[in-house]
Structures are given as structure tokens and as C-alpha cells.
1. For L456 paired with M393, estimate the spin-label separation in nm (one decimal), with each label point 7 Å from Cα along the Cα-to-Cβ line.
2. Is the shape of segment 255-470 rounded, prolate or oblate, going by the alpha carbon gyration tensor and its root eigenvalues a ≥ b ≥ c, with a/c under 1.5 for rounded and a/b larger than b/c for prolate?
3. How do F103, F405 rank by accessible surface area computed with a 1.4 Å probe, from largest to smallest?
4. Order E423, E370, E218, E195, most accessible first, counting only protein heavy atoms with a 1.4 angstrom probe.
5. Would you check the accessible area of R429, probe 1.4 Å, heavy atoms only, in square angstrom rounded to 10?
6. Rounded if a/c is under 1.5, else prolate if a/b is larger than b/c, else oblate: which is segment 313-400, with a ≥ b ≥ c the root eigenvalues of its Cα gyration tensor?
7. Beyond a 29 Å Cα-Cα separation, which of these cross-linked pairs lie in this structure: K258/K369; K127/K202; K75/K432; K106/K202?
8. How large a share of the accessible area of segment 334-378, in percent, is made up of carbon and sulfur atoms when the probe is 1.4 Å and the other protein chains stay in place?
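The values are calculated or read from the model by the stated rules, or taken from the named source; none is laboratory data. Bear in mind that the values here come from a model prediction, so they are computed numbers and not experimental data. Here the Cβ is made from the backbone with ideal geometry for all residues, glycine too, and neighbour counts use every protein chain on show. Note: accessible area is taken over every heavy atom of the protein model, side chains too, but ligands, DNA and RNA are not part of it. Shrake-Rupley method; radii C 1.70, N 1.55, O 1.52, S 1.80 Å.
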Amino acid sequence: EWSPLVHVTGWLLCCRFGPPAHRRFSSGATYPNIPLSSPLPGVPKPVFATVDGQEKFETKITTLENGLRVASQNKFGQFCTVGILINSGSRYEAKYLSGIAHFLEKLAFSSTARFDSKDEILLTLEKHGGICDCQTSRDTTMYAVSADSKGLDTVVGLLADVVLHPCLTGAAFRENTVGLHRFCPAENIAKIDREVLHSYLKNYYTPDRMVLAGVGVEHEHLVECARKYLLGAQPVWGAAGAVDVDRSVAQYTGGIIKVERDMSNVSLGPTPIPELTHIMVGLESCSFLEEDFIPFAVLNMMMGGGGSFSAGGPGKGMFSRLYLNVLNRHHWMYNATSYHHSYEDTGLLCIHASADPRQVREMVEIITKEFILMGRTVDLVELERAKTQLMSMLMMNLESRPVIFEDVGRQVLATHSRKLPHELCTLIRNVKPEDIKRVASKMLRGKPAVAALGDLTDLPTYEHIQTALSSRDGRLPRTYRLFR
């Protein structure tokens, strides 16, 4: 409908600014009004990257004569992430001083035969916009660099020098493999010397236990650099082969570790958090090499959980069991989170919870009840939600180049191959309610592993926790006190 006000306003705008006949650009040229769906005249036709089927996404793997595996994943972009992953870590320290892998992690990228100091290493990387990092876990040590792809030769040479020529001046699996201490005890720092480190490196830093992985690089170029710097290289500890490699298989023992500690003054600030007692209850699951690894991953996602003050939102798991059944019903619980740790020969699915020390017994019973419910009927809606969330997290994480690098390296190190994201998504989609019930029922037949920290006055005995996990409803045996 025509309005006098609109007519007058339009007339004033035209008088002030003039008719919008042509738009003037910074270059001084003018273009007529062209729809966004049409190409601009005189502008070169864009060239887009193309992908021919799945072959562009495949991980290429080459094994060198000395046993070293070279794995790469092409990815468009200026930068690359390259690193060396080694099958070593705290699980192999049974015959050594505890903490050697942690010690080596802190020495990484410090000084080598070619670089006198960490500053020299960082200056070399800065020429290619690079950063470096070293991380150790219980079974893997990873040296990684992210830099401009044009500096690949320099990066691989530096990694080879850092790994081969460094300048060296548990409740569930007690005292074996993944149950050994991951961090270096203070009393061992002075005892770890060059001779001890060389002995460890000689056994575990061998080419057949290594993978050179790269993302954002051409495979042939990476193999060429590997041959140049890692084939026939003489490490600082000598060329003799490994003689004392620990091939122990993890022996699940179950059991309990209790650390009594006053947690009333651990937080700083004018409004300290309340005193909390922390409990972890776990059961043996499976290794990442077994078919049941995927159902356990879905089960872990279905349990979910988090802190009582977690912000909600899409993908946060607010409809997971530990939120719906625990945190939403028991306001006094500060945390309830499910974790799944998996290794090449075993695994552990556990629930961590924290609450006021006076409610420890009730908290433990809530956890044991949730474990029992894992082996019961699984609702199709919650199962589909957990599967969708797991696939979503997988795909979103794999948009990051460093995450792709770690995924490529760890899979090739463990299995000599790599499952692509679409293959993993297919395995996740195929998980059925009976798979969850089967793996949970099998897990519940084992002994629990319990860790507790804080004021443990009201902590149930290990035998009572074990009895609750063997019962039909997860309830702890009743206890009676003559005096309160």
C-alpha cells in the first residue's frame, strides 16, 4: 500500500545521495548491478580443488628397509603436521627406574648433536612458522612439529636429530604394564642418569617400533626425507639391536587404592570450593584391537556425564545417563563422568564421581547402580543419540590437522593400517542394543578397580563394593553401627 511518508523519505534520499545507478569500487572501476549467481565480467574463472572418489582420503603407508613405517594423509593447506610416534611409555618401565618416559618427555627438543640449545631448535622452526611438542602416554611417545609444508626437509631432519641424537646430561593393573606410574617420582630424578636413559632408548627407540606420520604433505616427499634422515642413521646410544624388550601382557588384578588427604583447603580465592572426596570405580573392558572396542565406545558415550555446573547446549551430552539419572536427581554430587581407557591388550571403563565426604557411601552406591543398569535393557532412542553424538565428535575432531596426525600415527603404530572416518562411522551405526548388553554383562563379571582420594571415613569396603556390583540392583550391603 502506498504511503506519503515512504514517498517523501525516498525522495529525500535520492536528493541527498543521488540515484544508485552504479556502485564504485576501490579500484575506481564501476560495475552495473549483477546478481551474485552470475560471474563478474573480466574476473578469471576460479579453479577449485577436486577429489576423485575416496582415494584422495586414503592414508598411504610405506615400510622402509629398517622397519620404520612412513604414513601420510594429504590435506589441502599451507601448513603440515609431522612427527615420530614410538611404541614406548611407562608400561615398559618394569625393569627400569619409574618415570624414564616422563623424564624423556621433559628433555625433548632441548639440545641435540646438531643444536646446542632449545633456543636454536625454536629459531630453526620459526623460519618455517613452526611449533613443537612432545607427549608421552602409558604406551606411546610422540614427537610432533607443525610448520609450513615447504620446510618438510628441515622438520624431518630436526625430528630425527631430536629422537636419535638427544644430549642427555596404579589400582587396576597393580605393579605391571599400564599400572606402572606414568609420572616420574621425585626420588628417582637424581637416579636417572645418561647410562640409564641410553639403556632404555636402546631397547625401545628402534625403527621397527616407530612411525613417521605426516598430514598435509606429499607421501613421496615424506618417504624421501625419511630415507635421508632416518634410514641407516646412527643413534647416540649405539647401533646394536634391542636386547631386553618387555613384552609383558597386561594382567588385570582389580583392587583398591586409597589416599587419605585433607582436601578442605586445596582451593584458593575468596570463595573456595567445598571439601570433596573423589571416587573412581572401574571394570576391565577390552583392547582397541578387539571388535568390542566400538560397542564400549558407544556405551561410554551413552553414560556421558560431567560436572554439575556444565553449561548445556547441543552435543554436550545433557541427555546422557549420568546427567539424567545422577546429576539431575542428586544435587549434592559435584561430578559424575564416564571414561574409557583402551590399550593394545586391555582396557578400563570407569566412572569418576565427587561429593561431600559425608555422602561418600551414598555416592558409591549410585555409581554401582549405574554399572548394573548398563547390563539391562537399552532404550533405542538413547542408543541412537549416543551413536550420533559419537560420530559427531569423531568428525568434528578430525577437522583439525594435529588430530588427524595423531589418529594416523597411533592407528598405524598399533595396527599397521588406518580405518578411515567413514569406516568407523559404519561400525558405530551397526552397534545394536544387544551388543551393549553383551559387553556390559561380560564386564560386570570381573573384579572392580577402585581409587579414592580425600576424607575416606565413610568409604565402603572393597568387599562391599564388589558385592554391590555382583547384585541385581547394585545396592551396598547394609551396615549397622552401635554408636554414631
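1. Using points 7 Å along Cα→Cβ, the separation is 2.9 nm.
2. Values: a/c = 1.71, a/b = 1.51, b/c = 1.13.
Judged from the Cα gyration tensor, segment 255-470 comes out prolate (a/c at least 1.5, a/b above b/c).
3. Working: F103 45, F405 5 Å².
Sorted by accessible area, descending: F103, F405.
4. Numbers: E423 75, E370 10, E218 110, E195 145 Å².
Ranked list, largest accessible area first: E195, E218, E423, E370.
5. Accessible surface of R429 is approximately 140 Å².
6. Because a/c hits 1.5 or more and a/b exceeds b/c, segment 313-400 counts as prolate.
7. K127/K202; K75/K432
8. Ligands and nucleic acids excluded, carbon and sulfur reach 48 percent.
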